[in-house]
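Worksheet: one structure, shown below.
The values are calculated or read from the model by the stated rules, or taken from the named source; none is laboratory data. Just so you know, these numbers come straight off a predicted model, no measurement behind them. Note: ideal-geometry Cβ built from the backbone for every residue, glycine included; neighbour counts use all protein chains shown.
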Ligand code: C2E
Ligand code: MG
Ligand code: MG
Ligand code: MG
């Protein structure tokens with residue numbers, strides 16, 4: 001902070017921020033058009049069953065193929081989409097893209113389930129249920145094609161409304177997971193009421209497991225908690241083999257992370273799982 005406070009570095013630092021801010025604002029004004037021009041892409045990050053090493057699906061992650069800037073990650077636009085309401089068409093786009101992909105895989109004879117991220121704002125979308133039902137019908141979805149992930153903090157913004165929306169999604173027999181679990185201050189009393197199938201342990205705890213006893217203890221107790229409530233549990237952000245081995249010892253059901261695979265364009269994911277099945 002002292003370096004920033006002295007002489008030229010202030011101007012440099014501020015200049016950097018202004019440029020970043022300007023870049024971001026330009027990008028945001030283009031987002032609506034991006035959805036209309038079909039510049040979004042479906043990427044998939046594989047999930048493994050820890051014990052068997054088998055592929056058990058993938059998380060659907062949006063990427064924006066920007067004509068000038070190249071691939072833009074959701075960290076650069078999801079927040080803005082949530083604040084402006086653009087998340088609603090983005091969620092609809094993703095729902096359709098994921099089901100279209102599943103339909104194509106199904107036609108080819110083999111498919112893997114995809115998990116779609118919902119935002120806090122989606123929980124208040126009065127058309128969400130209708131939209132989901134419509135999309136499932138349009139693509140002739142089979143049970144198990146898609147799952148939804150909701151972050152614990154999104155649920156906690158309005159726990160009562162969240163419970164209501166989740167219950168209605170559950171009536172469509174969809175699987176539900178709580179994302180970034182452990183960072184959102186939910187109570188166990190609330191968790192017990194939610195019609196969810198899976199807890200997804202936040203990557204901050206998974207990253208810290210190897211060097212921090214506290215993180216390992218949180219991961220361990222979350223796995224036990226999930227199992228004692230009859231839920232399955234997945235660790236996200238698994239970056240090395242030692243962590244994967246430890247998760248196996250702790251009886252974690254599933255894992256996702258760079259040491260298994262980075263997110264891949266949907267077509268490459270199919271190649272990846274076929275190749276994995278041969279080994
Ligand atoms: P998330 O749902 O918690 O997804 C996991 C994020 O962690 C992904 O970032 C993934 O690429 C990254 N990741 C996976 N494995 C590792 C690892 O081993 N190490 C590290 N350091 N990172 C790992 P991504 O794709 O940039 O997405 C960021 C967030 O953006 C997601 O977090 C999710 O909250 C949001 N997001 C992505 N796609 C969508 C979407 O279609 N709709 C909504 N509403 N949100 C989305
Ligand atoms: Mg997620
Ligand atoms: Mg997550
Ligand atoms: Mg996360």
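Run residue 230 past the list (1) more than 25 Å from residue 44 (Cβ to Cβ); (2) in contact (Cβ under 8 Å) with a residue 24 or more places away in the chain and report the number of the one that doesn't hold.
(2) is the only condition that residue 230 fails.
Report whether or not residue 180 is on the phi > 0 side of the Ramachandran plot and modelled with pLDDT of 95 or more.
Taking the combined requirement at face value, the residue satisfies it.
Condition check ((1) within 16 Å of ligand 3 (Cβ to nearest atom); (2) in contact with a helix residue (DSSP H, G or I) (Cβ under 6 Å, 6 or more places away or on another chain)) across all residues:
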{"position": "178", "(1), (2)": "yes, yes"}
{"position": "181", "(1), (2)": "yes, yes"}
{"position": "222", "(1), (2)": "yes, no"}
{"position": "229", "(1), (2)": "no, no"}
{"position": "235", "(1), (2)": "yes, yes"}
{"position": "241", "(1), (2)": "no, no"}
{"position": "271", "(1), (2)": "no, no"}
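Tell me which residues, restricted to region 43-77, are within 16 Å of residue 252 (Cα to Cα) and within 15 Å of ligand 4 (Cβ to nearest atom).
Matches in region 43-77: 47 only.
Go over the candidates 112, 193 one by one and state the one that is in contact with a helix residue (DSSP H, G or I) (Cβ under 8 Å, 6 or more places away or on another chain) and either closer than 20 Å to residue 229 by Cα or modelled with pLDDT under 95 (or both). Break it down into steps so the answer makes sense when it comes.
On the way: 112 fails: either closer than 20 Å to residue 229 by Cα or modelled with pLDDT under 95 (or both).
None of the other options fit; the residue is 193.
Quick check, is residue 276 touching a residue at least 12 places away in the same chain (Cβ under 8 Å), closer than 30 Å to residue 131 by Cβ, assigned to a helix (DSSP H, G or I) and more than 16 Å from ligand 2 (Cβ to nearest atom)?
Numbers: touching a residue at least 12 places away in the same chain (Cβ under 8 Å): yes; closer than 30 Å to residue 131 by Cβ: no; assigned to a helix (DSSP H, G or I): yes; more than 16 Å from ligand 2 (Cβ to nearest atom): yes.
Taking the combined requirement at face value, the residue does not satisfy it.
With the condition kept exactly as written, say whether any residue in region 103-119 is within 16 Å of ligand 4 (Cβ to nearest atom) and more than 25 Å from residue 32 (Cβ to Cβ).
First, pick out the residues of region 103-119 that are within 16 Å of ligand 4 (Cβ to nearest atom): 115-119.
Subset that is more than 25 Å from residue 32 (Cβ to Cβ): 115.
Yes, region 103-119 contains a residue that is within 16 Å of ligand 4 (Cβ to nearest atom) and more than 25 Å from residue 32 (Cβ to Cβ).
Kindly indicate the residue of region 233-264 that is touching a residue at least 60 places away in the same chain (Cβ under 8 Å) and part of a helix (DSSP H, G or I) and also farthest from ligand 1 (Cβ to nearest atom) among those meeting that condition.
Per the stated criteria, the residue is 248.
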